[in-house]
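What follows draws every value from the coordinates through simple rules; no lab data is involved. Since the model is a prediction, treat every value here as computed from it, not as a measurement. Note: ideal-geometry Cβ built from the backbone for every residue, glycine included; neighbour counts use all protein chains shown.
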Amino acid sequence: MPPPLIDLDRLDAIGGLSDPEVLLLVQEFIDGIPEYLTRIESALNPLDPEQLREAAHSIRGVAGMLGFQPLAVTAAEGDLASPPADVPDWFARISQLCSDSVAEWEVIRPKNG
């Protein structure tokens with residue numbers, strides 16, 4: 001079984017799944033993933049290392065704060081002075097992690113009603 005994509009201990013450290021503010025923060029992050037990916041993708045063709053770094057830095061910071069550790073670690077590869085060696089592979093990995101993280105959130109998030 002693969003490790004979880006969302007670290008519930010990290011979420012607990014900032015208030016947990018029972019805290020409405022934490023739930024709102026996570027949902028806003030989840031809802032913003034398409035925009036993060038669009039920002040990254042727009043930095044790829046033509047390659048704009050600074051725009052790529054800024055977009056990767058944004059997703060890295062929020063993902064790390066909210067316990068999306070694998071996503072934060074992968075985003076960190078783009079948050080360097082120079083882009084990852086294989087940018088298309090990196091983008092494919094980060095895109096897949098985003099998709100998988102959204103799916104995991106849908107399973108673990110508290111449901112209303």
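Structural remarks
- Cα lying deepest toward the dipole's positive end in the chain, options Ser82, Val107, Leu71, charges on Cβ: Val107
- Extension reserve of the Glu54-Ala81 stretch, reckoned as 0.36 nm per residue once the Cα distance is removed: 8.7 nm
- Within the stretch 1-40, backbone nitrogen closer than 12 Å to the virtual label 7 Å beyond the Cα of Val107 toward Cβ: 1-6
- Legend: P(r) of the stretch 8-106 from all alpha carbon pair distances, 5 Å bins from 0, whole percents, reading 2, 14, 26, 24, 15, 10, 6, 2, 0.
- Sorted fewest first by neighbouring Cβ atoms within 10 angstrom, Leu47, Leu17 come out as Leu47, Leu17.
- Residues listed by number, the stretch 54-94, amide nitrogen under 20 Å from Leu23 label point at 7 Å toward C-beta: 66-68
- By the count of other C-beta atoms within 10 Å, a proxy for reagent exposure, Val102, Val62, Val107 are ordered fewest to most as Val107, Val102, Val62.
- Using C-alpha pairs under 8 Å with a sequence gap of at least 6, the mean separation divided by the residue count of the stretch 8-106 gives a relative contact order of 23 percent.
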